[in-house]
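Okay, structure first, notes after.
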Amino acid sequence: MVVAGRSKLPEYAYSRRVIYLDKEIYRIPYTELYDRAGELWKVWINNYRFAKYPRAGAAYSFDWEVAYRPSITMVDLQLQHATFCALPSASFPREQGWYVNLGDREGAVEGFFDLSSLLSGGR
């Protein structure tokens with residue numbers, strides 16, 4: 001499925017964004033970003049890994065496979081360069097990676113996203 005949109009905000013960096021959605025896994029593998037002149041500026045590529053754990057040696061796992069995003073790549077076609085980000089990266093060897101569906105185990109208890117919690121800085 002393809003979803004396209006335009007910003008109503010004049011200060012928004014992109015004039016148009018096209019999101020490609022994989023309907024089978026409910027994930028966005030690829031996004032196109034256009035500049036104010038309508039030229040293709042950047043592409044965002046999400047890499048997915050389906051596993052029962054976020055990385056080898058992780059402190060938690062599941063009985064089913066989860067879609068983890070171990071890396072992303074942003075390619076700037078106009079400046080001809082790319083940025084790659086590994087999640088988790090070797091820079092943070094103790095980081096578990098993505099925390100998916102952990103709820104209470106990770107501190108996302110009921111009320112975690114309440115407006116009062118956000119405003120009070122209770123996290």
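Cα convex hull of the range 2-55: how many Å³ per residue?
Working: hull volume 5.4 nm³, N = 54.
Considering the Cα atoms of the range 2-55, their hull volume per residue is 101 Å³.
About its Cα centre, how strong a charge dipole does the range 2-120 have in debye, to the nearest 20, once Lys and Arg get +1 and Asp and Glu get -1 at the Cβ? Present the calculation step by step, with values, prior to reporting the outcome.
On the way: 14 positive and 14 negative charges, 58 e Å.
Dipole magnitude for the range 2-120 comes out near 280 debye.
Can you tell me, using C-alpha contacts under 8 Å and at least 6 residues apart, the relative contact order of the chain as a whole percent?
14 percent
Convex hull over the Cα atoms of the chain, averaged projected area in nm²?
10.7 nm²
Which FRET efficiency value, to the nearest 0.05, is calculated for residue 15 and residue 73 with the Förster distance at 25 angstrom and r the Cβ-Cβ distance? Kindly include the intermediate steps, with their values, before the conclusion.
Values: r = 22 Å, r/R0 = 0.88.
That gives a FRET efficiency of 0.70.
For the chain, which longest stretch is free of loop sites, where a loop site is one of the chymotrypsin sites (Phe, Trp or Tyr not before Pro) that DSSP puts outside H, G, I, E and B and that has at most 10 other Cβ atoms within 10 Å?
Values: sites that count: 26, 64, 113.
Segment 65-112 is the longest.
Every number in this text was worked out from the coordinates using simple rules, so none of it is lab data. What you see is a predicted model, and the numbers here were worked out from it, not measured in a lab. FYI the Cβ positions are ideal-geometry reconstructions off the backbone, even for glycines, and counts take in every protein chain you see.
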